[in-house]
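Structure, as structure tokens:
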Amino acid sequence: MARSRDEPVRLTKIYTRTGDEGRTSLGDGTRVPKTDARIEAYGTVDELNSAIGLVLCAGLPENVRRWLDRIQNELFDLGADLSVPDGSEGERLRVVQEQVDGLEAVCDVVNDELEPLKSFVLPGGTEQAARLHIARTVCRRAERRVAELAASERVNPLVLAYLNRLSDLLFILARAANAAAGQGEPLWKPGASR
């Protein structure tokens, strides 16, 4: 019996031995080397999701926790999108414009509460902010991996838009974490060490 779209995936066995020789399956069943650009792209998205999981271990306001919980699920959607080459047969889970719009809305809400930027911000400040900056940099790497994939294969363009907005949001949330703690942001001072 087929699983309905909203039913969780059931995994009865974690190891399969099918990847022991350095190959894995894409979402459409195609076997590719584990070094394939598509695997690199969604593998880095998985790493990003783990970094956000680490952010969630820190004490966060409930609204931020809800946003990040939703984003973690959306990143699984995004990974599913990347795991199936564009143009494959059948119904596939794809990133949609509403998900990108949702990130923009949260960016606007949080950014409206912050002081305007006066300089480039160095990663750090509070532990929460530092964790958010790590997630932001992993997000940028995921974006680069997807852009590299898109240079040679068809990719849903909303995947890149989503990752771009998410890195912006993680930056804004890092700034907000420092502001909520009453800690000034560490700012870049060009040439300060000379």
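The values are calculated or read from the model by the stated rules, or taken from the named source; none is laboratory data. Note that the coordinates shown come from a computational prediction; the quantities given were computed from them, not determined experimentally. Glycine gets a Cβ as well: all are built from the backbone with ideal geometry, and neighbour counts include every protein chain shown. Ligands, DNA and RNA are stripped out before the accessible areas are found, and what is left, the full protein with its side chains, is counted by its heavy atoms. Shrake-Rupley method; radii C 1.70, N 1.55, O 1.52, S 1.80 Å.
Taking VAL109 as the residue in question, decide whether it is out of contact with any Lys or Arg (no Cβ under 8 Å at 6 or more places or on another chain), modelled with pLDDT of 95 or more, aliphatic (A, V, I, L, M) and surrounded by 21 or more Cβ atoms within 10 Å (Cβ to Cβ).
It is false that VAL109 is out of contact with any Lys or Arg (no Cβ under 8 Å at 6 or more places or on another chain), modelled with pLDDT of 95 or more, aliphatic (A, V, I, L, M) and surrounded by 21 or more Cβ atoms within 10 Å (Cβ to Cβ).
So is LEU132 buried (at least 21 other Cβ atoms within 10 Å of the Cβ), touching a Cys at 6+ places or on another chain (Cβ under 7 Å) and part of a helix (DSSP H, G or I) or not?
In short, no.
Kindly indicate whether VAL64 is at pLDDT 95 or above, touching a helix residue (DSSP H, G or I) at 6+ places or on another chain (Cβ under 7 Å) and outside any loop (DSSP other than H, G, I, E, B).
no
Give LEU60, LEU56 a once-over and let me know the one that is hydrophobic (A, V, I, L, M, F, W, C) and surrounded by fewer than 19 Cβ atoms within 10 Å (Cβ to Cβ).
LEU56
How about region 106-147: which of its residues are touching a Leu at 6+ places or on another chain (Cβ under 8 Å) and over 26 Å from CYS57 (Cα atoms)?
Passing the criteria: LYS118, SER119, PHE120, VAL146, ALA147.
So LEU114 passes all but one of these: (1) over 15 Å from ASN178 (Cα atoms); (2) part of a loop (DSSP other than H, G, I, E, B); (3) hydrophobic (A, V, I, L, M, F, W, C). Which condition number does it fail?
(1)
So which of ARG140, ARG94 ends up being modelled with pLDDT under 95 and under 15 Å from LEU75 (Cα atoms)?
From the options ARG140, ARG94, the qualifying one is ARG94.
Write out, first by first residue and then by second, each pair whose Cβ atoms fall under 6 Å of each other, whose residues are 6+ apart or on separate chains, and whose first residue, in region 74-91, is at pLDDT 95 or above while the second is part of a helix (DSSP H, G or I) and of a type in the set (A, V, I, L, M).
From residues that are at pLDDT 95 or above, the pairs are LEU75/VAL45; LEU78/VAL45; LEU78/VAL159.
Within the bounds of region 173-190, is there any residue that is surrounded by 18 or more Cβ atoms within 10 Å (Cβ to Cβ) and of a type in the set (Phe, Trp, Tyr)?
No, there is no match, as no residue in region 173-190 is surrounded by 18 or more Cβ atoms within 10 Å (Cβ to Cβ) and of a type in the set (Phe, Trp, Tyr).
Can you tell me which residue is modelled with the lowest pLDDT among those in region 143-159 that are open to solvent by 50 Å² or more (accessible area, probe 1.4 Å) and over 10 Å from ALA41 (Cβ atoms)?
ARG154
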